[in-house]
Amino acid sequence: MTEALPSAPDAVLVRYGELALKGGNRGMFERALVQNIRRALKPIARARVELRQGRIAIFPEGRTRQVARRVQDVFGIKTVSPAWRVPTEVEPILAMAGRVLDDAMASRPTDRPTTFRVRTRRADKRFPHTSTEFDCMVADHILPDPVARNVRIQLKDPELELGIELRDRETWLFCERLPGHGGLPVGTLGRVLTLLSGGIDSPVAAWMAMKRGCRVSYITYHSYPYIGEPSKKKVLDLARSLARWQQRARLYVTPFTEVQETIRDSAPEGYRTVLYRRMMQRIAAVVSRRDGYAALVTGESMGQVASQTLENMTCIGAASSMPVLRPLVAFDKEETIDIARKIGTFDLSAIPEPDCCTVFQPKSPVIHGRLEECLAAEAQFDVEGLVQRAIEGLEVITVEEE
Ligand code: ATP
Ligand code: MG
């Protein structure tokens, strides 16, 4: 009976949650989400992407399951379902329901029954059956003998749920609901500049800013020849691996050697790290004002290393008037590592490469830094000149998904 029906889903249904809460902005958020889905799909499949009654419908030319998996990683999405479509009429829906169940059962264990239910949603209230009536009708039709199919009907928390969404002309059927990451579409909250080192934390911080709707650019500081090309390449590779979440980004590579040598030669040794970080902050602030970033993002976490005590973070943050977002501020290292593994940056970050923070590293860095000491130390060198020359030496790289 189901032979003539398509063997694979031909569409992807996308559900988004939080977007709907955004009141007057809803239209803007939805358009951004559609746009971001199109961008993410570009390298893998031609696909039509449309807004439909509070859902997004994707019609790919083939590779539907791959498209669904790719779309899972677009921020702002709750769940994604590869789906089959039929006209909104009882007979074709019943026939297709059997086909979709067959498909789902193919990957279920065979040594025990799978718990199952049908769940109908009616966007089209003209349909001649209520949702509950129709659930039973479909179940009776596709499972005249559940035991023979190794299926047990269970309404609460079943392992398998056949979803049926009845719409004006078309009905969608699906069993899979792949989880998205939630969040908000990249770009809807504005543009930020992430200070990206080769470490574990800052790539995770960048990912979290993207997840909350920020479009991210990166800035990194590089002290050649104390730090070699492989360190720079490592940061670039990290930025590239984040392009899965935001397909295109800008990376500013800042020459930082003169800054570090100057601080080494003229400032109290214990304050070096805090002063390096204050210079990073200043340079990032100038780039932000010039190129239009609304905030800086760092991977700082309270108390994680000597430079991240409350006092030192305060000294560092005070170097510019830019707002500084610290998405990891209350995370334990393990929590950050879990995310780094999940998003695929951990292995790259774990490659041992020196970072400019280790250049001329003080033997005993100050723990409770004082702003007056920072200012006194900086009075001994030409802060403005150093910032200006660093800005003049910026290299700007466009990072794209591989
Ligand atoms: P990470 O793992 O991100 O390097 P960390 O725990 O090693 O963080 P620090 O090295 O003190 O901590 O750096 C704190 C933050 O300062 C980093 O998360 C990053 O945002 C920024 N930062 C440090 N070094 C650099 C660098 N060379 N280029 C750009 N940003 C940097
Ligand atoms: Mg670091």
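The values are calculated or read from the model by the stated rules, or taken from the named source; none is laboratory data. Predicted, not measured: the structure shown is a model, and the values here were computed from it. Ideal geometry is used to build each Cβ from the backbone, glycine not excepted, and the neighbour counts take in all protein chains shown. Each accessible area value is taken on the protein alone, full model and side chains, heavy atoms only, with ligands, DNA and RNA left out. Shrake-Rupley method; radii C 1.70, N 1.55, O 1.52, S 1.80 Å.
The long axis of helix 131-142 is offset from the longest Cα principal axis of the chain by roughly 70 degrees. Averaged over residues, the count of other Cβ atoms within 10 Å places the peptides 366-372, 235-241, 128-134 in the sequence 235-241, 366-372, 128-134, highest first.
Comparing P109, P230, P82 in a Gaussian network model of the chain where C-alpha atoms under 10 Å apart are linked, the largest mean-square fluctuation is found at P109. Taking amide H positions as modeled 1.01 Å from N, with prolines and chain starts lacking one, the residues under 5 Å from R152 and 5 or more places away or on another chain are T114, T115, F116.
The phi torsions of region 219-236, fed into the Karplus equation with coefficients 6.51, -1.76 and 1.60 and a -60° offset, translate into couplings of 10, 10, 10, 9, 10, 6, x, 5, 10, x, 4, x, 5, 5, 4, 4, 5, 4 Hz, rounded to whole numbers, with Gly and Pro shown as x. Among beta bridges identified by DSSP and lying wholly in the chain, the antiparallel ones come to about 55 percent.
Extent of the chain along its three principal axes (Cα atoms, max minus min coordinate, largest first): 85, 42, 34 Å. Angle of helix 257-266 to the longest C-alpha principal axis of the chain, folded into 0 to 90 degrees and rounded to 10: 40°. Each residue of region 296-311 was assigned a 3J(HN,Hα) from its phi angle through the Karplus expression (A = 6.51, B = -1.76, C = 1.60, θ = phi - 60°), giving 9, 10, 10, x, 5, 9, 4, x, 6, 9, 4, 7, 10, 6, 4, 5 Hz with x at Gly and Pro. Computed from backbone phi with θ = phi - 60° and the Karplus coefficients 6.51, -1.76 and 1.60, the 3J(HN,Hα) list for region 26-43 is 3, x, 5, 5, 5, 5, 5, 5, 4, 4, 5, 5, 4, 4, 5, 7, 2, x Hz; x is used for glycine and proline.
Electrostatic tally near E300: other residues with Cβ closer than 11 Å to its Cβ, Lys and Arg +1, Asp and Glu -1, net +1. The order of the peptides 252-258, 285-291 by mean Cβ neighbours within 10 Å, most packed first, is 252-258, 285-291. The peptide list 352-365, 317-330, put in order of mean Cβ contacts within 10 Å with the highest first, becomes 317-330, 352-365. When the surface is traced with a 1.4 Å probe over the full set of protein chains, Y224 keeps roughly 140 Å² accessible. Normalising the average separation of contacting C-alpha pairs (under 8 angstrom, six or more residues apart) by the number of residues puts the relative contact order of region 2-181 at 27 percent. Pairs of Lys residues in the chain that lie 8 or more places apart, or on two chains, and have C-alpha atoms under 20 angstrom apart add up to 8. Once the Cα atoms of helix 201-211 and of the chain are each reduced to a long axis, what angle between those two axes, in degrees from 0 to 90 to the nearest 10, is obtained? Helix 201-211 and the main axis of the chain meet at about 50 degrees. Using bins of 10 Å that start at zero, the share of Cα-Cα pairs per bin across region 191-400 amounts to 9, 37, 40, 13, 1, in whole %. Annotation: the antiparallel percentage among DSSP beta bridges lying fully within region 2-181 is about 70.
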